[in-house]
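**Student:** Provided herewith is a single structure, encoded as structure tokens, for subsequent inquiry.
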């Protein structure tokens, strides 16, 4: 037996009104700390001077004898390659001096 088809009426859906979310207001009490801040004075020996040379700069495409010398220092662990830099049209390799 066949069932009768019933026409369904379309109902309009009402749009949802967006309301801003409200956060609960929490009052925080802050304690005032009245302590004197004293600057820490470092000794002159502990400060790093502006002329502290931690890097060695060598031409990237220089003479072969100098390159062999640098590679030996790297193998011994005295230098570590850090970055490549350009000064005008010349390329330079920068090596970090490792203290032992």
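We did not get these values from a lab; they are worked out from the coordinates using the rules stated. Since the model is a prediction, treat every value here as computed from it, not as a measurement. Virtual Cβ from ideal backbone geometry, glycine too; neighbours counted across all protein chains shown.
**Student:** Quick one: 68, 26, fewest Cβ neighbours within 10 Å first, how do they rank? Could the numbers behind the result be given before it?
**Tutor:** On the way: 68 9, 26 5.
In increasing order of surrounding Cβ atoms, one gets 26, 68.
**Student:** Assuming 0.36 nm per residue, please report the length gained on full extension of the stretch residue 54 to residue 8 beyond their Cα-Cα distance. If you can, show how the numbers build up before the last one.
**Tutor:** On the way: separation 46, 0.36 × 46 = 16.56 nm, distance 8.35 nm.
So the chain would gain 8.2 nm between residue 54 and residue 8.
**Student:** What does the highest-first list of 92-98, 70-76, 16-22 look like by mean Cβ count within 10 Å?
**Tutor:** Working: 92-98: 15.6, 70-76: 12.4, 16-22: 5.6.
In decreasing order of mean packing, 92-98, 70-76, 16-22 become 92-98, 70-76, 16-22.
**Student:** Determine, from the Cβ-Cβ distance of residue 61 and residue 41 and an R0 of 35 Å, the FRET efficiency 1/(1 + (r/R0)^6), rounded to the nearest 0.05.
**Tutor:** Values: r = 47 Å, r/R0 = 1.34.
After rounding, the FRET efficiency stands at 0.15.
**Student:** How compact and how long is region 55-97, expressed as Rg and Dmax of its alpha-carbon atoms in Å?
**Tutor:** 10.2, 32
**Student:** Now a separate question. With 10 angstrom as the radius, rank 54, 5 by how many other C-beta atoms surround their C-beta, starting from the fewest.
**Tutor:** Numbers: 54 12, 5 6.
By the 10 Å Cβ count, ascending, the order reads 5, 54.
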